[in-house]
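Structure record follows, encoded as structure tokens.
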Amino acid sequence: MLKTLFLPGAGGSAAFWKPVAVHADLDGVFVSWPGLGDETPDPAVGCIDDLVALAAGQIREPIALIAQSMGGYVAIRLALAFPALVRSLVLAVTSGGVPVADLGGCDWRPGYASAFPKAAKWIADPVEDLSAQIPSIQVPALLLWGDADPISPVAVGHRLASLLPQSRLRIIPGAGHDLAQTHAEIVAAEIRRHLATMP
């Protein structure tokens, strides 16, 4: 099975994906984001591009990326930068580089700032719209969404599914933005099924 790189959302914790990894019996590299959530800052990390570079340092062989929310934007950037090495994508409730607000997503920033008052302020900066580039990503992609997520609503999943040529959208009833934790067993089963199709 492919080496797996787990990318969290703006909460930043490497532990985010561990319940899913346990249920799926997956080992891999669990990335944390310095300065986000409650993670210790790193003077070398001051923008989203630095997070992309940080994760890119882990890509030395063919790999599967499993990413949550903001981590999905990083994953799309990595898939575009390393087309020969990123062989599979799992994107959960992410923007993925499409304009979420245009698709009905609520503004997550006030809640985030309240939950993580010490987090780096740059996390609220706008990110590039990657819609025009996403169709060039020619790898199998599993899209995991909850139908009760106000931050990245199902419309975002449908938009990404229309842009990614080899994608499958799985909508989990009753799940919200933290579906990888509240529905870890379902998410793990979907990921195992997805990765089992990889050579």
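The values are calculated or read from the model by the stated rules, or taken from the named source; none is laboratory data. None of these values were measured; they are calculated from a predicted model. Quick reminder, even Gly has a Cβ in these numbers, built from the backbone with ideal geometry, and neighbours come from all protein chains shown. With ligands, DNA and RNA removed, areas are computed over all heavy atoms of the protein, side chains included. Shrake-Rupley method; radii C 1.70, N 1.55, O 1.52, S 1.80 Å.
Quick notes
- Simple Cβ-charge dipole of segment 1-126, Lys/Arg +1 and Asp/Glu -1, about Cα centre, in debye nearest 20: 120 debye
- Share of carbon and sulfur in the accessible area of the chain stands at 55%, probe radius 1.4 Å.
- Those aspartates and glutamates that a straight Cα-Cα span of less than 14 Å connects to LYS118, excepting residues fewer than 8 apart in one chain: ASP38, GLU39, ASP42
- Mean ellipticity per residue at 222 nm, deg cm²/dmol - from DSSP H runs of n ≥ 4 across the chain, formula -39500 (n - 2.57): -8500 deg cm²/dmol
- Each part gets one Cα centre, and for segment 69-89 versus segment 1-62 those centres are 12 Å apart.
- Between PRO62, PRO140, PRO126, the Gaussian network model of the chain with springs among Cα atoms under 10 angstrom shows the greatest mean-square fluctuation at PRO126.
- TRP122 paired with ALA14, simple spin-label distance in nm, labels 7 Å along Cα-to-beta-carbon: 2.1 nm
- Within-15-Å neighbourhood charge of GLY104 [Cβ basis; K, R +1; D, E -1]: -3
- Among the trypsin sites (Lys or Arg not before Pro) within segment 117-199, those in coil by DSSP and having at most 14 neighbouring Cβ atoms inside 10 Å are LYS118.
- Rel. contact order, % - alpha carbon contacts under 8 angstrom, at least six apart, the chain: 23 percent
- Selected from ALA115, ALA21, ALA79 as most flexible by GNM, with the chain as the system and alpha-carbon contacts under 10 Å: ALA115
- Taking every protein chain into account, the accessible area of segment 71-130 amounts to 46 square angstrom per residue (probe 1.4 Å).
- For LEU5, net neighbour charge (Lys/Arg +1, Asp/Glu -1) across residues whose Cβ lies under 14 Å away: +3
- Partners of LYS3 within straight-line reach, counting aspartates and glutamates whose Cα lies under 12 Å from its Cα and excluding those fewer than 8 residues away in the same chain: ASP27, GLU61.
- Gain in span if fully extended, ASP49 to ILE171, counting 0.36 nm per residue against the direct Cα distance: 41.0 nm
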